[in-house]
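The structure under discussion appears below in the form of structure tokens.
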Amino acid sequence: MTAGVVAYRQLTEKPLGQLTRAGLPMLDLAVQLTDAEGNVLAAEGSRVANGEPAPEGDERCPALSGGDIASATAVDASVPRAGDCPRRAAWYVKKHPVALSLHFNNGAAFLNWWDRQPRLQALADDRFVHGLFFGLLQSLKVRAEQLNLDGLQGEFLQQLLRDALGADAELHYDMAHASQGWVLSYRRSASRYSDRAMPALAGLLAASGYRVGKLPQPILETRIGPQKLFFTEYQGRVYLAQGLEALLNVIDSVAPQTQAGAAPLSLTLRAEAFVGHLLPVFVGAAEYPLRWDFALTEGELGVLQLPPALWQTRLHGQLFEGVLASMPHDAFAGVAASLALPPTWTLDDWRGLATDGPATAPPSPEPAGIALIWDFNADSPAGAVGVIVANPGQPQASAAYVQYLKNPDLGAECAGGSLFLAASSESLLTRMKDACARQSLSPLDWQRGAEKSRWQAAQLAAFVNPGAGLRELFLAGGAGETAQDSNEFAPRWQQDYTNAKAAMRRDGEKLFAGLPIFSYAGRADTTGARLAGRLLAQ
């Protein structure tokens with residue numbers, strides 16, 4: 001028995017490439033990194049590309065290519081091919097900053113918290129969520145017995161996922177690869193379940209594989225239920241991904257954090273993935289990571305931390321109250337900063353800002369503010385954006401901002417001209433005007449005004465209302481129709497369909513109304529900005 005245990009440990013401690021079965025179809029990849037326009041980038045410094053030329057072909061053995069190109073000729077390693085033809089392909093990977101990463105600094109604490117959150121579990125079990133992530137959620141239910149994995153029992157992927165969260169897991173989202181952009185990595189030596197999962201994945205379930213010159217281990221491909229899964233091992237971490245290209249981009253772009261944060265859960269959002277061309281001027285660096293720490297304790301949210309940047313030197317001492325009062329309380333998200341946008345700026349002033357960055361002179365002491373609103377509604381299911389600009393000392397100057405609008409009807413002023421409002425949709429502009437005129441609520445009214453003093457004293461404030469955004473996404477595509485909208489003379493199947501959508505609406509309204517609002521407010525100094533977070537009831 002002792003000999004068997006030793007042999008088993010030796011087996012499970014082997015690198016991933018030594019666990020694969022003999023004869024597994026393999027395709028060698030010459031990885032080519034490209035930009036968003038498809039131009040091939042230099043491979044210098046890359047972890048996955050080494051400048052290998054794309055393989056050439058002929059009539060008998062045509063060249064293979066795949067990945068992020070429209071003219072792909074090979075999509076997997078099992079493409080039928082003459083035995084003496086080289087199994088080698090050029091694989092194109094869109095190089096793009098990874099948008100966000102979730103760091104599970106204390107997986108056990110996160111799982112204990114998650115298991116005590118019936119509302120979030122109800123959200124994960126909602127039919128709408130099941131529709132969005134059908135393949136993955138169905139795969140999580142596949143049992144080891146169904147996969148003929150001897151010695152393993154229960155939901156295979158679900159056990160692997162929960163175990164990975166306790167092994168310094170990081171969940172990345174590569175938005176350049178959309179729904180195939182999720183990549184999970186974890187430290188293999190810290191995972192107890194990996195000892196059994198890796199031999200099963202590599203030796204039994206893998207259907208094909210890919211070899212990349214710079215990676216010491218192959219990338220293996222399998223399918224569990226309806227979900228295709230790519231996995232490899234790199235620098236002691238196991239990477240699991242929905243897409244091959246996202247897996248390569250994450251390995252190439254993101255180094256795992258070297259020291260776990262103090263909070264059980266942290267989220268890093270990389271501004272360069274969204275507005276990279278603005279960062280060198282407004283931040284003074286090519287990268288600008290925003291980090292949220294989540295305390296996961298009752299009544300506490302955590303802290304939003306921003307690195308020091310040039311634009312923070314232009315913050316006034318206090319936010320103008322009218323900016324906060326004009327933000328609709330039920331929007332999906334909003335951010336406000338005590339920055340001033342002069343109405344007298346000319347085209348040359350804007351050019352100077354774009355080339356030289358913010359002015360170095362200290363800002364004036366009076367309150368100031370600009371705000372951005374992000375919202376979803378039936379009129380703009382793709383999302384609408386609103387802008388608020390304060391001019392407390394120059395109320396007559398609001399008209400000067402109309403020149404920036406393509407449609408002047410989507411701009412307005414309120415508070416006697418002290419505020420200029422603009423939006424990309426009429427409905428959002430109307431809600432902003434109602435909030436400014438105190439005809440509807442704003443974030444200053446949350447918790448019956450308990451948040452007002454905290455937000456007024458801040459230089460920076462932000463909120464996210466996930467319930468509001470998810471509600472509109474849930475109702476998109478006609479799900480907002482009610483049973484009363486049904487025609488009683490319509491066919492029975494049509495009435496049943498309308499009634500089913502009405503039932504989904506009721507379930508969604510109840511579920512999303514229970515989700516809290518994330519509220520942040522704080523100030524900046526020479527070390528950056530720190531915004532304390534609070535969880536608020538809707």
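The values are calculated or read from the model by the stated rules, or taken from the named source; none is laboratory data. Values in this document were obtained by computation on a predicted structure and should not be read as measured data. Positions of Cβ are backbone-derived with ideal geometry, glycine not excepted, and every protein chain shown enters the neighbour counts. Just the protein is used for accessible areas: all its heavy atoms, side chains included, with ligands, DNA and RNA removed. Shrake-Rupley method; radii C 1.70, N 1.55, O 1.52, S 1.80 Å.
Assess whether A176 counts as being within 25 Å of the chain's Cα centre (by Cα), part of a loop (DSSP other than H, G, I, E, B) and under 22 Å from V48 (Cβ atoms). Considered against the rule, which asks whether it is within 25 Å of the chain's Cα centre (by Cα), part of a loop (DSSP other than H, G, I, E, B) and under 22 Å from V48 (Cβ atoms), A176 comes out as no.
Going through (1) in a helix (DSSP H, G or I); (2) hydrophobic (A, V, I, L, M, F, W, C); (3) under 18 Å from the mean Cα position of the chain (by Cα) one by one, V183 falls short only on (1). Sub-8 Å Cβ pairs linking a first residue in the range 384-409 that is within 23 Å of L315 (Cα to Cα) to a second residue that is modelled with pLDDT under 85 and of a type in the set (V, I, T), at least 6 apart or interchain, are A397/T344; A400/T344, ordered by first then second residue.
How about the range 267-285: which of its residues are among the small types (G, A, S) and either modelled with pLDDT of 95 or more or out of contact with any His (no Cβ under 8 Å at 6 or more places or on another chain) (or both)? Within the range 267-285, A271, G276, G284, A285 qualify. Entry remark, the range 175-206: residues being open to solvent by less than 60 Å² (accessible area, probe 1.4 Å) and in contact (Cβ under 8 Å) with a residue 24 or more places away in the chain number 21 in total.
Scanning the range 262-310 for residues that are assigned to a loop (DSSP other than H, G, I, E, B), of a type outside the set (S, T, Y) and surrounded by fewer than 18 Cβ atoms within 10 Å (Cβ to Cβ) returns A262, G284, A285, A286, E287, E298, G299, E300, P307, P308. Just so you know, in the range 207-257 the residues that are more than 17 Å from L16 (Cα to Cα) and assigned to a strand (DSSP E or B) include one that is least open to solvent (accessible area, probe 1.4 Å), and it is I224.
To keep it simple, each residue is scored yes or no on (1) at pLDDT 90 or above; (2) out of contact with any helix residue (DSSP H, G or I) (no Cβ under 9 Å at 6 or more places or on another chain); (3) more than 20 Å from L265 (Cα to Cα).
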position: D195; (1), (2), (3): no, no, yes
position: A206; (1), (2), (3): yes, yes, yes
position: V212; (1), (2), (3): yes, no, yes
position: Q227; (1), (2), (3): no, no, yes
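Restricting attention to the range 67-89, the residues that are within 13 Å of D28 (Cα to Cα), at pLDDT 75 or above and open to solvent by 40 Å² or more (accessible area, probe 1.4 Å) total 3. In the range 29-40, the residues that are under 11 Å from G67 (Cβ atoms) reach residues that are small (G, A, S) and part of a strand (DSSP E or B) with C-beta atoms within less than 7 angstrom, at least six apart or across chains, in these pairs: L29/A89; A30/A90; Q32/A90. Among the numbered conditions (1) open to solvent by 30 Å² or more (accessible area, probe 1.4 Å); (2) closer than 28 Å to R523 by Cα; (3) not basic (K, R); (4) not in a helix (DSSP H, G or I), the only one that Q447 does not meet is (4).
Quick one: in the range 378-437, of everything that is basic (K, R) and open to solvent by 70 Å² or more (accessible area, probe 1.4 Å), which residue is modelled with the highest pLDDT? Once the filter is applied, the top-ranked residue is K433. Would you be able to say whether some residue in the range 467-484 is farther than 19 Å from F376 by Cα, modelled with pLDDT under 80 and part of a helix (DSSP H, G or I)? Yes, there is a match, as at least one residue in the range 467-484 is farther than 19 Å from F376 by Cα, modelled with pLDDT under 80 and part of a helix (DSSP H, G or I). Tell me yes or no: at least one residue of the range 510-525 is at pLDDT 90 or above, of a type in the set (K, R) and under 30 Å from A295 (Cβ atoms). The answer is yes; a qualifying residue exists.
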